[in-house]
Each structure stands twice: as structure tokens, then as C-alpha cells.
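The values are calculated or read from the model by the stated rules, or taken from the named source; none is laboratory data. Predicted model, so just to flag it, every value in this text is computed and none were measured. Positions of Cβ are generated from backbone atoms using ideal geometry, with glycine treated the same way; all protein chains shown enter the neighbour counts. These area figures cover heavy atoms from the full protein model, side chains too; ligands, DNA and RNA do not enter into them. Shrake-Rupley method; radii C 1.70, N 1.55, O 1.52, S 1.80 Å.
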Amino acid sequence: MAKILGGIATSHIPAIGVAMDKGLEQTPYWKDFFDAYPPVREWLYAQEPDIAVIFYNDHGLEFFHDRKPTFAIGAAAQYENADEGWGIAEIPPVTGETELSWHIVNQLIEDEFDITVCQEMKVDHGLTVPLTLMWPGHKYGHIKVIPIAINCERHPMPKPSRCFDFGKAIGDAIRSYSGNQKVVIFGTGGLSHQLDGQRAGFINKPFDLYCMDKIVNEPEALTKFTNFDLVEQAGSQGVELNMWLAMRGALQGTLTELHRSYHLPISNTGAGLQLLATSDAAMLI
Ligand code: DHB
Ligand code: FE
């Protein structure tokens, strides 16, 4: 049986990738933010996962507003970067995983989640920045990735409870897979931010900390929110919390919170990092 080691939630702000490419990690603006990551990397390296299932949102690079799947999953051998801003960086492609991916697809359709299956798909900072944060220098080629995009850009968007249930169905599918792979789940994006409009720059630290508290053992408190609540409380892009909820939905049993940090602002965002390990991987190295 495939095993889920735990979940990592992290913001995916594009400026993080640029800072890493320019070697700015220890400059005053960035130091506290980047200093939070080594403990999570150490856990990850010690666990030696084979596969990363990554819940992220496509910011309009692969799926623009004219064709926006609610839920899309990759089933390709490789994914190219197609990010916007600061020019398209020349970064290595992401390695795909097709067998578990198709197993998840089959299980999801049985579970009445009618996802879009992508045998070709470009990925953006929502996926590549967290990978680079975990494997600096873009050294993520060894890990097989299953990208799962949740619509957070164009209304109507799936609501928090649906994203949580979607993650749960994916966790069940992984646990029912006959292989012996070790899987880590990522939820990327958030926390509170609003990039445009009258409230541009809006960040809500108390709300972000509330979400980080509740997601550990009481995620149901968060699934009661509507997307309208999230926009009001966390800004229009704060809906990216839904990827954290999908990650949490995939985890089962007793969880140990091995790491948490929150730093604000990074660019326009309350930047959060959280590591929740299942009982199979609850030791911080
Ligand atoms: C920022 C944050 C995001 O989540 C994103 O997708 C793009 C930009 C930001 O804070 O700049
Ligand atoms: Fe984003």
C-alpha cells in the first residue's frame, strides 16, 4: 500500500523564486522567511518520499479564464514551467508520475469528482516555487510530482468544504494504491492576500493564525467558511487557503505538527509554512 507521510503547506509567492535565483536568502528582507524552511527540508529529506502530490492553483498560464477546470490533475511524464512575470525563467522541467496519477483519476471519477485529466500541462509558480523551496537550486528532478490544480481565479470556485472532500478522496485513492511508494502532500498558496482592487495589500494576520491553528485538528471549522467569507477575511486571493484544505483532507489519523512559521509581509502576502506529519513519519530529524 502506498503511504502518506504528511502534508506541507506553504505560500508560493513568485518573488520567493526570484529571491532564490538571485541568492538573496540572507538579506534583511528575506532572512526570517527563509530561515523557517531548513527544518521542513530536513524532515522531507529524511523521509525520502517517492512522490509529491501538489495541490496548487494555476494563475492563468495554462488555464486562462476562458477555459477553467474546477479541478485538474496531471497525468504526464514531465511538466514544463510557464510562469509569468520577470520573464519566463529557464528552470528544469518537473518530473511526472503517471501510474498513481491514473489510479487517482479512476478513483476520483468513481467518487463523483469529475476532474479534467491533463496528459499535457504547463505548471506555474504555484507548483515550482514550493518545489524550489524544498529543493533549492531547482534540484527537484528526482521526485515524481502529481500536479492537481484547483480553480481559485475565476468565480464560481469550489468551496472550502468541497476542496477538503476532494483532498480526502485523493488521500483515500493514494492509500488504496497497491504500490509501496511514500507520498508527501503539498498545499500551496495563501495565506491572506489581495493583489488588486481597493483593498490591494490587505493582509489579516489574526485570521491566518486562526487558520493555522484550526487546520491541525479541527479543519471542520475552516470548511464551514464560504469562498465569500474567505474573500472578506483573507482578501480576494486568500481563497488559496482551499489548497491547504485539500492537503489537509488527504491526511488521516493522528497528526503531529512538526513545524509552523508565519511571516509578513512577503510581497503582498501573509506567508505561512506548516508541516503536519502522519503517524508513519512523526519524527522531526
Ligand atoms: C503574490 C502571491 C501569490 O499567491 C501569487 O500567486 C502571486 C503574487 C504576491 O504576494 O505577490
Ligand atoms: Fe497565488
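Among the criteria (1) touching a His at 6+ places or on another chain (Cβ under 6 Å); (2) at negative phi, the one residue 230 does not fulfil is (1). The helices (runs of 4 or more DSSP H) located wholly in region 1-91 that include 3 or more residues which are under 25 Å from residue 194 (Cβ atoms) occupy 14-21, 31-35.
The C-beta contact set for region 136-160 (first residue assigned to a loop (DSSP other than H, G, I, E, B) and aromatic (Phe, Trp, Tyr), second residue open to solvent by less than 10 Å² (accessible area, probe 1.4 Å) and modelled with pLDDT of 95 or more, distance under 6 angstrom, 6+ apart or interchain) comprises 140/131. Among the residues of region 51-69, those that are surrounded by fewer than 18 Cβ atoms within 10 Å (Cβ to Cβ) and either closer than 20 Å to residue 143 by Cβ or without any contact (Cβ under 8 Å) to a residue 40 or more places away in the chain (or both) comprise 64, 66, 67. Would you call residue 78 over 19 Å from the mean Cα position of the chain (by Cα) and either open to solvent by less than 30 Å² (accessible area, probe 1.4 Å) or not small (Gly, Ala, Ser) (or both)? The answer is no for residue 78.
Residue under question is residue 51, and the condition is that it be of a type in the set (A, V, I, L, M, F, W, C), more than 16 Å from ligand 1 (Cβ to nearest atom) and at pLDDT 95 or above; does it hold? It would help to see each step written out before you state the result.
On the way: of a type in the set (A, V, I, L, M, F, W, C): yes; more than 16 Å from ligand 1 (Cβ to nearest atom): yes; at pLDDT 95 or above: yes.
So residue 51 passes the test.
Kindly indicate the residue of region 174-206 that is in contact with a His (Cβ under 6 Å, 6 or more places away or on another chain) and open to solvent by less than 10 Å² (accessible area, probe 1.4 Å) and also farthest from ligand 2 (Cβ to nearest atom) among those meeting that condition. Filtering region 174-206 for residues that are in contact with a His (Cβ under 6 Å, 6 or more places away or on another chain) and open to solvent by less than 10 Å² (accessible area, probe 1.4 Å), the one farthest from ligand 2 (Cβ to nearest atom) comes out as 188.
Within region 179-206, how many residues turn out to be away from ligand 1 (no atom under 16 Å from the Cβ) and either at pLDDT 95 or above or more than 28 Å from residue 135 (Cα to Cα) (or both)? Residues flagged as away from ligand 1 (no atom under 16 Å from the Cβ) and either at pLDDT 95 or above or more than 28 Å from residue 135 (Cα to Cα) (or both) within region 179-206 amount to 7. One residue alone among 82, 2, 52 is in contact with a Lys or Arg (Cβ under 8 Å, 6 or more places away or on another chain), within 16 Å of ligand 2 (Cβ to nearest atom) and small (Gly, Ala, Ser), and that residue is 82.
Given the condition within 25 Å of residue 146 (Cα to Cα) and within 16 Å of ligand 2 (Cβ to nearest atom), answer yes or no: does some residue in region 262-272 qualify? Yes, the conditions are met somewhere in region 262-272. Every residue in region 252-285 that is farther than 26 Å from residue 200 by Cβ, of a type in the set (A, V, I, L, M) and open to solvent by 10 Å² or more (accessible area, probe 1.4 Å), please. The answer is 255, 258, 282, 283, 284, 285.
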